Every structure is written in C-alpha cells, then in structure tokens.
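In what follows, a single structure is set out as structure tokens and then discussed.
The values are calculated or read from the model by the stated rules, or taken from the named source; none is laboratory data. Treat the numbers as computed from the prediction; the structure is a model and nothing was measured. FYI the Cβ positions are ideal-geometry reconstructions off the backbone, even for glycines, and counts take in every protein chain you see.
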Amino acid sequence: MPVVIALLNAFSGLAAALVGFVLGHQVLVVSGCLVGASGLILTWIMCRAMNRSLLRVLFGQLGAAAATLTDDGRRAQPISPEAAFYLLEAAQSVVFVPGYGMAVAQAQHVVQELANLLAERGAEVAYAVHPVAGRMPGHMNVLLAEANVPYEQLLELEEINAWLPRVDLCLVIGASDIVNPDARSNAHSPLYGMPMIDADKARTVIVLKRSLGQGFAGVDNPLFVAENTRMLLGDARQSLQALIRELKAA
C-alpha cells in the first residue's frame, strides 16, 4: 500500500504537469514535475527497502510460495505484564520497534509515556523505524512525532542494527514482517533479502501483538518462537498501559 500511494502521488504530479503544458501555465508544469519526481523517487526507495521490483510489488503475490515455520517443537513463550515489569526494571537499554499494530491501537502516546518512565529510571531509549512500516510512507514517523517523541531517538536501520546486539530489551509493538529473521537467513522466504530490523539479536525481546498471526506478507515469523522472545498478547494500548501501571506502582 505505501508503494501504491507513492506511485499514485507521482501520477497526480505528472497529470498536473501535462495540464500545465496544455494551459501554458509554467508554474503548474514545474510544480507537477516536482511532485511527480518526488513520488517516483519515494516509490523507488520503498521498493528497494522491500527488496522487490515495482512490478512484483504491484502484481506479485506475497506468501503464495512462503516457507512456513518447521514444527521443531518450539512454541511461543507468553508473558504477563507483571512478569514483563522485571525485564523493564532491569533493562539499561531499550529499543521500541513500532508497527502497524501500534497505529491500529492508537498507542503512540502510551509508548512515549512508557519510554519516558524508563528514561527517568536511567535506561537508554531509542526507536527503530523501518522505511516500510505502516500503511503509508512515513506512517510511524508521523505517529511518533504526534506523540512528541524526540527526533534524535529515531535511529536509521544501519545504526539501530549495529546497536541491537548490545541492547538489553527490544519491545516490538504490532510489527511482524519488518522484524522477521527469515529475511536475513531463509532463501526460500518471499521476504529474503529485504532490509529488516534485527530485533532478534537483542538480549531479550517482548512482542506485543493481538495474536500469533502472520503479517502482511502472509509468512510465519520465527522471532515469535525464539528462545529470547516473550509474547505479550492482547491490545497493544492496554498491554502498554498495564506495563506503565506496574512501573508506577514499583
């Protein structure tokens, strides 16, 4: 969807430029060309971030030939807000990875409140925002800006991935495909080669999701059953509010 939005935006700019040519309106031609060029550049950037060509994004089928998780006996390990409190309390560094689930739950303000509480306790806090997270270009950036998250806490992929192996706790909030380890290691996955956030490399991962369901790509996520992962199932906003209550009560 983000790619389609950017492409339609480019087409609208090109259409405006053509109208400018017909009317002999130079300002309309220039502005239309700028909008069209910016839309095409953004489309290219997002296709590159997904490791897919534009034709595959528009007409391909994600998940049609997806490799699913092998039944090796691993199961997701659930965690309660009460138990998650001890992980939060002990963490000296915390990374938040927002996804579409955060947008659906409208939990950006609660995320920022939790981050502030952790920072007050001396934890180093950062946010890892993937270029194609959400349902439109810059979706997560807009939501976090709305919650007054400091811009300097938003880290690029390369920077956050270099730091994650040293991070005590990674909180994945409603994200799936952008933290799927198969994109890095499973050549049979349709996500293979897509730049991803290496959340699985953090010392401990807590995933906040409504269920263990698949993401937009329709593939299973091995992160959910990893040894260092705990699943806090339920509405993201309510789960985060429960964590905040635990921290305030301590």
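Just the residues that are among the aliphatic types (A, V, I, L, M), surrounded by fewer than 24 Cβ atoms within 10 Å (Cβ to Cβ) and more than 17 Å from A105 (Cα to Cα), please, taken from region 207-222. Residue satisfying the conditions is A217 alone. Look at A90 and say whether it is of a type in the set (G, A, S) and either surrounded by 13 or more Cβ atoms within 10 Å (Cβ to Cβ) or at pLDDT below 90 (or both). No, not satisfied. Residues of region 82-121 that are over 25 Å from E146 (Cβ atoms), in contact with a Leu (Cβ under 7 Å, 6 or more places away or on another chain) and not in a loop (DSSP other than H, G, I, E, B): A84, F85, L87. The requirement of being at pLDDT below 90 and surrounded by fewer than 14 Cβ atoms within 10 Å (Cβ to Cβ) is fulfilled somewhere in region 8-16, by at least one residue.
Among the residues of region 209-231, those that are closer than 17 Å to A91 by Cα and either charged (D, E, K, R) or in contact with a Leu (Cβ under 9 Å, 6 or more places away or on another chain) (or both) comprise T229, R230.
Table: residues versus (1) surrounded by 21 or more Cβ atoms within 10 Å (Cβ to Cβ); (2) more than 20 Å from P195 (Cβ to Cβ); (3) assigned by TED's automatic domain parsing to the domain that holds G193; (4) in contact with a helix residue (DSSP H, G or I) (Cβ under 6 Å, 6 or more places away or on another chain).
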| position | (1), (2), (3), (4) |
| --- | --- |
| L114 | yes, yes, yes, yes |
| Y127 | yes, no, yes, yes |
| A133 | yes, no, yes, yes |
| Y151 | no, yes, yes, no |
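E227 falls short on exactly one of the conditions (1) in contact with a helix residue (DSSP H, G or I) (Cβ under 8 Å, 6 or more places away or on another chain); (2) farther than 23 Å from V132 by Cβ; (3) of a type outside the set (K, R); (4) surrounded by fewer than 17 Cβ atoms within 10 Å (Cβ to Cβ), and that condition is (1).
Taking the numbered list (1) small (G, A, S); (2) out of contact with any helix residue (DSSP H, G or I) (no Cβ under 6 Å at 6 or more places or on another chain); (3) touching a residue at least 12 places away in the same chain (Cβ under 8 Å) in turn, A249 passes all entries but (3).
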